[in-house]
1. What strands (runs of 3 or more DSSP E) lie completely within the stretch 71-122 and have 1 or more residues being under 27 Å from the mean Cα position of the chain (by Cα) and buried (at least 16 other Cβ atoms within 10 Å of the Cβ)?
2. Which one of these does Trp365 not meet: (1) surrounded by fewer than 18 Cβ atoms within 10 Å (Cβ to Cβ); (2) within 25 Å of Phe243 (Cα to Cα)?
3. Of the residues Tyr316, Tyr339, which single one is open to solvent by 20 Å² or more (accessible area, probe 1.4 Å), under 27 Å from Lys265 (Cα atoms) and touching an Asp or Glu at 6+ places or on another chain (Cβ under 6 Å)?
4. Identify the single condition in (1) closer than 28 Å to Asp98 by Cβ; (2) out of contact with any Gly (no Cβ under 9 Å at 6 or more places or on another chain); (3) modelled with pLDDT under 90; (4) not acidic (Asp, Glu) that Val253 does not satisfy, given that it satisfies every other one.
5. Can you say whether Ser308 is in contact with a Gly (Cβ under 8 Å, 6 or more places away or on another chain) and surrounded by fewer than 16 Cβ atoms within 10 Å (Cβ to Cβ), as far as the supplied structure shows?
6. Which numbered condition in (1) open to solvent by 40 Å² or more (accessible area, probe 1.4 Å); (2) at negative phi is the only one that Gly150 fails?
7. Could we say that Ser286 is modelled with pLDDT of 95 or more, more than 22 Å from the chain's Cα centre (by Cα), of a type in the set (Gly, Ala, Ser) and under 30 Å from Lys344 (Cβ atoms) here?
8. Looking at the stretch 160-201, which of its residues are open to solvent by 50 Å² or more (accessible area, probe 1.4 Å) and either touching an Asp or Glu at 6+ places or on another chain (Cβ under 8 Å) or among the charged types (D, E, K, R) (or both)?
Amino acid sequence: MKKTTPYSFRKLMNDIHLWLGLASGIILFLVCLSGTILTFEHEIKDFFADDFIVEKTPNKETISGLVTALKLADMGFVTGVTIAADEEEPYVFNVKKDLKERRGSKVLVNPFSSEIKTVQKTSADAFLMSMFKLHRWLLLDIKIGRPIVGIATIIFLIISLSGIVLWFPKKLKWRNIKQGFKIKTKANWKRINHDLHNTLGFYACIFLIIMGITGLCWSFEGYKDGLGNLIGAEIFNRSSPKFDLEKNPGNKVISVDEAIEIANKTLAYKGELSVTFPSKKSNYYSFRKTNEANFSPVTSDRLYVALSGEILAADYFKDKPLNVQFASLIKPIHTGDIYGLFSKIIYFLVCLIATSLPVTGTIIWINKMKKTKKVK
């Protein structure tokens with residue numbers, strides 16, 4: 001009489017890993033492939049963008065003068081400017097033809113010659129936008145594609161956790177465990193494919209879990225709010241502080257150049273400075289500055305200056321509670337921008353591995369099916 005093998009926990013993990021992987025393989029492949037490309041999104045855009053050479057000279061125009069030049073050139077309403085730490089980089093002005101526009105467009109200006117160049121969209125921009133839509137909602141309608149990607153991400157998290165369990169051998173001996181750390185390149189192709197799936201998947205797993213946990217914030221509003229409640233800080237909080245300011249600031253009204261001077265004295269370090277000009281909604285100067293010496297190129301300090309020159313508030317990233325810091329870094333943690341080029345390279349390799357996992361996993365399943373048929 002044939003003995004029946006009991007249904008073990010490991011068998012359960014194997015079935016979950018297998019069938020969820022097969023069910024979501026194509027979607028995960030597309031999401032991971034687009035994510036791999038988007039890792040270097042800004043670098044790709046910069047590579048295909050037209051060069052705009054800035055040569056440093058003794059004569060440097062003021063921000064006020066450049067704003068006037070933009071208005072005379074009929075570029076629209078100037079809402080802000082970003083000044084790079086490198087003096088041989090152009091100023092990037094944000095302009096709007098209509099103040100009701102959400103984002104506006106970018107205009108490059110040479111601060112030494114007042115030369116103006118509108119940033120034109122390239123074929124790379126169109127391609128990367130397609131990759132973005134594929135990554136976020138599979139090129140479908142947002143209401144349909146976003147939850148599909150979200151569900152696939154949940155499945156991927158389950159697959160990743162079950163994969164960690166399956167990575168450990170049945171007999172927990174060091175001799176067996178260490179085999180999971182390397183790929184036997186001299187073995188037959190089936191064994192190499194298995195090692196590529198098993199070993200590379202193990203190395204990438206922790207990063208994939210981080211990407212999955214953070215990525216769900218874009219798929220489900222309830223998840224984002226729940227995670228925010230769990231850590232005690234709002235995620236994607238883009239609100240500005242409210243100040244009780246008089247509509248008429250009095251006789252003394254500082255220029256944007258004076259406001260920038262105040263900002264650089266207060267945030268006294270080298271780094272990129274972004275300025276948002278006063279508006280009807282926010283009647284004060286808002287600054288965001290990134291310290292080049294920071295551990296992360298995406299952490300920034302905020303400063304708010306009244307039209308009279310009074311400093312309304314200074315918000316230093318290092319002084320924020322850890323939970324607030326984490327909430328504000330959800331996006332760079334997900335995209336790999338958190339540590340600049342170093343983390344981007346790691347994320348690129350991890351996403352490349354993630355893209356290969358549905359392929360190598362399917363091949364393993366096909367090989368096992370063929371083996372089972374031969375035995376029968």
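The values are calculated or read from the model by the stated rules, or taken from the named source; none is laboratory data. Note that this is a predicted model, so its numbers are computed, not measured. Here Cβ is always computed from backbone atoms with ideal geometry, including for glycine, and neighbour counts include all displayed protein chains. Heads up: the accessible areas ignore ligands, DNA and RNA and are worked out on the full protein's heavy atoms, side chains in. Shrake-Rupley method; radii C 1.70, N 1.55, O 1.52, S 1.80 Å.
1. 77-83, 91-96, 105-109
2. Among (1) surrounded by fewer than 18 Cβ atoms within 10 Å (Cβ to Cβ); (2) within 25 Å of Phe243 (Cα to Cα), Trp365 violates only (2).
3. The conditions single out Tyr316.
4. (2)
5. On the way: in contact with a Gly (Cβ under 8 Å, 6 or more places away or on another chain): yes; surrounded by fewer than 16 Cβ atoms within 10 Å (Cβ to Cβ): yes.
Judged against the criteria, Ser308 is a match.
6. (1)
7. In short, yes.
8. Within the stretch 160-201, Lys170, Lys171, Lys173, Arg175, Lys178, Lys182, Ile183, Lys184, Lys186, Lys190, Arg191 qualify.
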